[in-house]
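One structure is given below, encoded as structure tokens.
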Amino acid sequence: MNLNENANITTAAIIREASQYIAGGVVSLNRKVVPGIVFAYGKGSKIYDVEGNEYIDYHAAFAPHLLGHNNARVNESIIKTIKSNRSLFGSGTNELETRLAKLLCDAVPSLELVQITNTGSEATAHAIRLSRAFTGRDHIVLMLGGYNGWHNEVSRAVMPSPEQVGPRVSPGEYPFIPLSAGIPESTRSLIHIVNFNDLPSLEYVLNRYPVACVLTEPVLQNIGVVLPENGYLQGIVDLCEKYGAICVFDEVKTGFRTRLDGYQGVAGVKPHLSVFGLIDKNADFSGFRMDPERPG
Ligand SMILES: Cc1ncc(COP(=O)(O)O)c(C=O)c1O
């Protein structure tokens with residue numbers, strides 16, 4: 001079967017045209033690859049380039065396609081919703097967002113309230129702002145080797161070279177190595193980077209700075225897969241409660257995959273805030289748990 005509807009359009013021609021109109025030649029530079037490739041469509045675990053080549057998609061667009069490409073049930077639901085003249089309304093809530101929020105709260109026991117965003121980065125930005133508003137503090141702790149989105153506060157190099165990082169520091173912190181130019185010093189000075197699986201370093205920072213939140217993936221999944229050691233995730237929650245900071249789990253990659261209730265369900269740990277995302281068709285959200293004995 002010839003799966004190539006665009007057989008007369010070569011990969012090189014599309015890339016050449018894209019580079020005339022799109023900064024960097026591709027929307028989101030994370031998708032830039034050499035040699036260039038142009039995919040046309042996907043179904044299930046397979047994707048097809050404009051030359052008609054078939055690939056198994058182990059990448060899954062950095063994770064969202066957990067149900068495969070163009071899952072029939074998801075597509076049918078979306079088409080049904082569009083055909084019923086649903087829209088995004090500028091005022092008030094609606095039935096669908098309420099139903100989604102309830103499903104999410106039912107699935108993840110730590111969630112009491114949710115807010116829905118378009119991307120994981122927006123969700124982590126909201127989580128940081130909420131933590132700052134709640135605690136009245138400005139400093140933030142992130143993990144070396146973690147990724148939490150593209151905005152200034154989290155935009156440190158994910159895989160810096162050993163020369164950039166320097167020798168292992170514990171207990172202690174690493175310098176903020178920016179992912180790109182344009183991140184002001186006033187932002188960098190509020191961010192503290194520590195080793196994953198290193199509670200003494202976390203306590204070192206919590207003890208020295210007024211920390212609003214500790215934001216971490218429960219499993220580092222952007223540098224390969226780094227699992228938390230036994231007791232580490234609960235240790236983060238406990239230290240946050242001791243020092244009055246908010247513990248935020250970034251489950252953008254782990255959520256709904258290992259288990260419906262996320263990696264927090266696997267570990268049996270309840271963070272104060274959770275961020276989920278990279279879900280097929282873009283339903284990203286942050287979830288809130290506001291305990292009576294909340295920190296701060
Ligand atoms: C753990 C984690 N957090 C946040 C994000 C940011 O999500 P988005 O690309 O939807 O902004 C990502 C994206 O890969 C991620 O892996």
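The values are calculated or read from the model by the stated rules, or taken from the named source; none is laboratory data. The structure presented is a predicted model; accordingly, all values stated were derived computationally and were not measured. Cβ atoms come from the backbone with ideal geometry, glycine included; neighbour counts cover every protein chain shown. Side chains included, ligands, DNA and RNA excluded: accessible areas come from the protein's heavy atoms. Shrake-Rupley method; radii C 1.70, N 1.55, O 1.52, S 1.80 Å.
Please report the antiparallel percentage of DSSP beta bridges with both residues in the chain, rounded to the nearest 5.
55 percent
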- So what's the back-of-envelope 222 nm ellipticity for the chain, counting only DSSP H runs of four-plus at -39500 (n - 2.57) apiece and dividing by all residues, rounded to 500? -8500 deg cm²/dmol
- For helix 95-107, what angle does its Cα long axis make with the longest principal axis of the chain, in degrees from 0 to 90 and rounded to 10? 60 degrees
- Simple SL model, points at 7 angstrom along Cα→Cβ for ALA72 and ILE116; separation in nm is 2.6 nm
- Message: If I measure Cβ to Cβ between cysteines in the chain, which ones have no partner under 4.7 Å?
- Response: CYS105, CYS213
- If R0 = 41 Å, then PHE39 and SER180, at their Cβ-Cβ distance, give a FRET efficiency to the nearest 0.05 of 0.95
- In whole Å, what is the distance between the alpha-carbon centres of segment 221-256 and segment 115-143? 15 Å
- The answer for the chain, accessible area per residue at 1.4 Å probe in Å², is 55 Å²
- Task: Principal axes first, then extents: for the Cα atoms of segment 95-226, list largest minus smallest coordinate on each axis, whole Å, largest first.
- Result: 53, 33, 31
- Working from Cα positions, state the angle (0 to 90°, nearest 10) between the long axis of helix 72-83 and the longest principal axis of the chain. 80 degrees
- Note on the structure: Semi-axes (Å, rounded, descending) of the ellipsoid equivalent to the chain per its C-alpha gyration tensor are 35, 25, 17
- Query: How much of the DSSP beta bridge set in segment 110-267 is antiparallel, as a percent to the nearest 5?
  - Reply: 20 percent
- Over 30 Å (Cα to Cα) - which of LYS32/LYS253; LYS46/LYS270; LYS43/LYS80; LYS102/LYS253 fall in this group: LYS46/LYS270
